[in-house]
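To keep things clear, I will list the structure first and then write my remarks on it.
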Amino acid sequence: MKKYSVIFPLSLFALVVCLGCGSIKRLMYEGPGRDDWQNPEEVVAALGLEPGDRVADLGSGGGYFTFPMAEVVGETGHVYAVDIDESLLAYIAKQSKKRGLSQVETVLAPEDGLGLPDGSVDMIFLSNVFHHLPDPSEYFRRARPVLRNGGRIAVIDFSEDGFLRGHATPDDEIRTQFEAAGYTLAKRHAFLERQSFQIFVIRSDEPED
């Protein structure tokens, strides 16, 4: 079993804080050429979001996925940009206002959860975040009440380490952690070359928390 960092929830955020510059932090998240391998349009399409849906973008960074998801759910929907980095959240808030995306709301994540009320979202989305969680099964067990009836959790994570060691999680380990938290795999997409892409739902036989 892989050992996880004790920093919660995103150890990478502590690293970028040391850089002190919002633009450099966003570069680390988005990077040159990310669109070439991340396929953001295909990813968002595969989420199956509809106008009016409510989404939590966990570890939203500079809004790489926040903004396109907000476009899909529209003015009747809502996207919570959840992060522990206040400078990145400030950037998202500024860009959302500039783009006329009133459906985006920034949320400073607490140390023990998402900081969202129960029954507030149809989907929790996280990309390149899972490997930073010290206890994923406990984290997502406690996140279950945040999901509306039929809610889903979409997880994208690197399948193999790149130049930064410890920033990947095998897809079967992700499934194991979610199963321990009371979820089951609903769908798996295979079009991302560097990452796994899995969607989970709460098991029907799980008691409500």
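The values are calculated or read from the model by the stated rules, or taken from the named source; none is laboratory data. Because the structure is a prediction, the values reported are computed rather than measured. Neighbour counts run over all protein chains shown; Cβ positions are idealised from the backbone, glycine included.
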* State whether one or more residues within segment 46-53 are part of a helix (DSSP H, G or I), modelled with pLDDT of 85 or more, within 17 Å of the chain's Cα centre (by Cα) and surrounded by fewer than 19 Cβ atoms within 10 Å (Cβ to Cβ). => yes
* Does segment 104-125 contain at least one residue that is touching a residue at least 24 places away in the same chain (Cβ under 8 Å), hydroxyl-bearing (Ser, Thr, Tyr) and farther than 25 Å from residue 202 by Cα? -> yes
* Determine whether residue 107 is touching a strand residue (DSSP E or B) at 6+ places or on another chain (Cβ under 8 Å), at pLDDT 95 or above and farther than 30 Å from residue 190 by Cβ. => yes
* Give the residue that is farthest from residue 144 (Cα to Cα), with candidates limited to residues of segment 40-59 that are of a type in the set (Gly, Ala, Ser) and in contact (Cβ under 8 Å) with a residue 40 or more places away in the chain. => 46
* Looking at segment 177-199, which of its residues are part of a strand (DSSP E or B) and either touching a Gly at 6+ places or on another chain (Cβ under 8 Å) or buried (at least 19 other Cβ atoms within 10 Å of the Cβ) (or both)? -> 183, 195, 196, 197, 198, 199
* What are the pairs, 6+ residues apart or on separate chains, where a residue within segment 159-185 that is modelled with pLDDT under 95 has its Cβ under 7 Å from a residue that is in a loop (DSSP other than H, G, I, E, B) and polar (S, T, N, Q)? -> 168/159; 170/159; 171/159
